[in-house]
Amino acid sequence: MSENGKPKLALYWASSCGGCEISVLAVHEKILDVAEAFDIVFWPCVMDFKEKDVEAMADGEIDVCLFNGAIRNSENEHMAKLLRRKSKVMVAYGSCSHEGCMPGLANFFDREQMLNFIYVDSPSTDNPERVFPQVETEKPEGTLTLPEFYNTVKTLDQVVPVEYYLPGCPPEAQWTLAAVEAILSGELPPPGSVIGLDVTVCDECPRERSEKKITHFYRPYEIDPDPDICLLDQGLFCAGIATRAGCGALCPRVNMGCRGCYGPNEGVEDQGAKLIAGIASVIDARTPEDIDAILDTLPDPAGYFYRFSLAHSMLHRTALAEGDRTAQAIEEVPRLDPKLGT
Amino acid sequence: MSDLQEFQPVIVGFLCNWCSYRAADLAGTSRMGYPATLRDIRIMCTGRLDPAFVLKALRGGADGVLIMGCHPGQCHYEEGNYKALRRVALLKRTLAQLGVEPERVQLGWASAAEGVVFAEKVAEMTEQIRALGPLRWGGNLADKANGNGTLAGVAAMDEEVVS
């Protein structure tokens, strides 16, 4: 608490696009209530606080930290650990910190592939001397440093324990507000909870569903979908069957299949596995040849199924080359026990 | 593992209650010889196989996963093995994009009378996985370039599984 009695709020962005920062403002005029109710002590996107200001705080001094963005480099990891230490309640805000989101798609590649493409091979790059960013560079004036770029993108809870998750790319304002109100009222759900609904997007989707028998998958530009019938019934890929509700089925309402940004629904660890099970079940074929013919119309299945959740999926990333692997044990970060309550 | 002959793969088997699990029983009671590489788990039907089971096995240290059920048209629940056929096909396409070789996840059929078919399938798959070598999925997640190897939620590592 501040001297004025207000709870202290911090907001931070790690590897993210900035959309989550904007989504905080999507609560519209209620942002004034938030500013009134909280003492904002750290928000690099909006206010002029620095890392040293956070360092100077006592451990646990921040009441709530809304952390958006995935963990892609050593700076992200450092800030996650610093803010965790300084915060009583850590909230993974948005799909990047919750599931990995778009930054997590980098886990289809490794560091070498990424750096080579970005700094050498991309069509708009001219870098004949193959200059790459270095963690440390010696100059007459001293040593220049940059964060270390990791092989693998991680979610926030793979680096530090997290109390609550606000899913979505970005989270819908009503849930941001619900979380803020819950924090202010002290009526918090058990640690480890995802703030949102437990069911899937289909439960919020107004489209008419019938028994599915898919004979061909279409890309969105290939057909003009009927506005009242389930998109999956029409052969358009929709991740709504295995995605947590809470958005109000925004995308299916405008003729676009659900992308899956709210992550898996309650009780599901691997969103992609559920999409594989669900999509494969409704393919209308019984022989390997017929099945393959239909699946050929669904290019990039891993990209569809793990568009938002690759970094939090069971396999986490693609296989690395043999020389890049290690056999060392993975250190387990302490998990919060939901049964402990508050 | 320098000598591939010494490599004993760990294969997790998901066998349907009505056909393939009985085939495994028959192979045992008939004293058929086959490699001791399979750790079989009985499921009521291959249609019960959640693709997450396969992912969990691979993440947890298995080198391969063998799913076996009733022959097409002979499912105890009529449709279950057709669902498995489609799911495994889509799962394998997805796994290929993640760098898992297709031989590591296989689907086969064996009726309750086909102990020989079951034993031969295990022997065949064991040889294929031996040729590929260990999967060691945990090694993909723990290297230094991942930030000192800290990764919660992925506790299982090589050799730890089901031995």
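Any read-out appearing in this document is the output of simple, stated calculations on the displayed coordinates, not a laboratory observation. Since this is a predicted model, take the numbers as computed values, not measurements. Here the Cβ is made from the backbone with ideal geometry for all residues, glycine too, and neighbour counts use every protein chain on show.
Residue by residue, what Karplus-based ³J(HN,Hα) values in Hz, rounded to whole numbers, does segment B:25-41 have, using 6.51, -1.76 and 1.60 with θ = phi - 60° and x for Gly and Pro?
Going residue by residue, I get 4, 5, 4, x, 5, 7, 6, 7, x, 7, x, 7, 9, 9, 10, 8, 10 Hz, with x marking Gly and Pro.
Quick check: the distance between the Cα centres of segment B:63-140 and segment A:14-53, to the nearest angstrom?
50 Å
Provide the per-residue ³J(HN,Hα) series for segment A:276-283, in order, calculated from phi with Karplus coefficients 6.51, -1.76, 1.60 and θ = phi - 60°, each as a whole number of Hz, with x at glycine and proline positions.
Working through the residues one at a time gives 4, 4, x, 5, 5, 5, 9, 7 Hz.
Only bridges whose two residues both fall in segment A:72-201 count here: according to DSSP, what percent of them are antiparallel, nearest 5? Mind dumping the intermediate values first?
Numbers: 5 of 10 bridges.
Restricted to segment A:72-201, the bridges split so that about 50 percent are antiparallel.
May I ask for the Rg/Rh ratio of segment A:197-316, computed from Cα atoms with Rh as the Kirkwood radius, given to two decimals? Provide the component values of the computation, followed by the final result.
Working: Rg = 13.7 Å, Rh = 14.5 Å.
Rounded to two decimals, Rg/Rh equals 0.95.
Whole-Hz ³J(HN,Hα) for each residue in segment A:186-197, computed from phi via Karplus 6.51 cos²θ - 1.76 cosθ + 1.60 with θ = phi - 60°, x for glycine and proline: what do you get?
Values per residue, Gly and Pro as x: x, 8, 9, x, x, x, x, 6, 9, 7, x, 8 Hz.
Anything over 20 Å Cα to Cα? Flag those among A:8/A:86; A:50/A:81; A:154/B:92; A:81/B:56; A:274/B:83, in the order listed.
Working: A:8/A:86 11 Å; A:50/A:81 16 Å; A:154/B:92 24 Å; A:81/B:56 28 Å; A:274/B:83 13 Å.
Listed pairs above 20 Å: A:154/B:92; A:81/B:56.
Over 46 Å apart: what share of the alpha carbon pairs of the protein assembly as shown falls there, rounded to a whole percent? Let's see the in-between values first.
Details: 21875 of 127260 pairs.
Counting every Cα pair in the protein assembly as shown, those more than 46 Å apart make up 17 percent.
Looking at segment A:134-167, which GluC sites (Glu not before Pro) are in a loop (DSSP not H, G, I, E or B) and have at most 15 other Cβ atoms within 10 Å?
Numbers: sites: A:136, A:138, A:141, A:148, A:163; in loops: A:141, A:148, A:163.
For GluC sites (Glu not before Pro) across segment A:134-167 that sit outside H, G, I, E and B with at most 15 neighbouring Cβ atoms in 10 Å, the list reads A:141.
Going through segment A:29-61, which GluC sites (Glu not before Pro) have at most 15 other Cβ atoms within 10 Å and a DSSP loop state?
Values: sites: A:29, A:36, A:51, A:55, A:61; in loops: A:29, A:61.
Here the GluC sites (Glu not before Pro) that fit, given the DSSP loop and packing criteria, are A:29.
Name the long-range amide H neighbours of residue B:108: under 5 Å, sequence gap of 5 or more, or other chain; modelled H, no Pro or chain starts.
Answer set, sorted by chain and number: B:67, B:68, B:69.
Along the charge dipole of segment A:25-123, pointing to its positive end and built from +1/-1 on Cβ of Lys, Arg, Asp and Glu, which listed residue (A:95, A:114, A:42) has its Cα farthest out?
A:114
What is the distance in Å between the Cα centroid of segment B:4-50 and that of segment A:246-317?
Each part reduced to its Cα centre gives a spacing of 29 Å.
If amide hydrogens are placed 1.01 Å from N in the peptide plane, which non-local residues have theirs closer than 5 Å to the one on residue B:13?
Answer set, sorted by chain and number: B:39, B:40, B:41, B:66.
Once a ≥ b ≥ c are taken as the square roots of the eigenvalues of the Cα gyration tensor of segment B:8-146, is the result rounded (a/c under 1.5), prolate (a/b larger than b/c) or oblate (a/b not larger than b/c)?
Working: a/c = 2.34, a/b = 1.44, b/c = 1.63.
The shape class here is oblate.
Amide H to amide H under 5 Å from residue A:40: which residues, 5+ apart in sequence or cross-chain, H placed 1.01 Å off N in plane?
A:9
If you rank A:143, A:243, A:318, A:297 by fewest surrounding Cβ atoms within 10 Å, what's the result? Walk me through the intermediate numbers first.
Values: A:143 8, A:243 29, A:318 19, A:297 15.
Exposure proxy ranking, most exposed first: A:143, A:297, A:318, A:243.
Considering only the other residues whose Cβ falls under 12 Å of the Cβ of residue A:264, what net charge follows from Lys and Arg at +1 and Asp and Glu at -1?
Values: positive: A:244, A:274; negative: A:99, A:198, A:266, A:269, A:270.
Summing Lys and Arg as +1 and Asp and Glu as -1 gives -3.
Among A:298, A:315, which comes first, then next, by fewest other beta-carbon atoms within 10 Å?
Values: A:298 20, A:315 26.
Starting with the residue having the fewest Cβ neighbours, the order is A:298, A:315.
List A:81, A:274 from most exposed to least, where exposure is judged by having the fewest other Cβ atoms within 10 Å.
Details: A:81 14, A:274 22.
Taking fewest neighbouring Cβ atoms as first place, the list is A:81, A:274.
Determine the percent antiparallel among the DSSP beta bridges restricted to the protein assembly as shown, to the nearest 5. Each step should come with its number before you reach the end.
Numbers: 8 of 46 bridges.
Taking every DSSP beta bridge within the protein assembly as shown, about 15 percent pair in antiparallel fashion.
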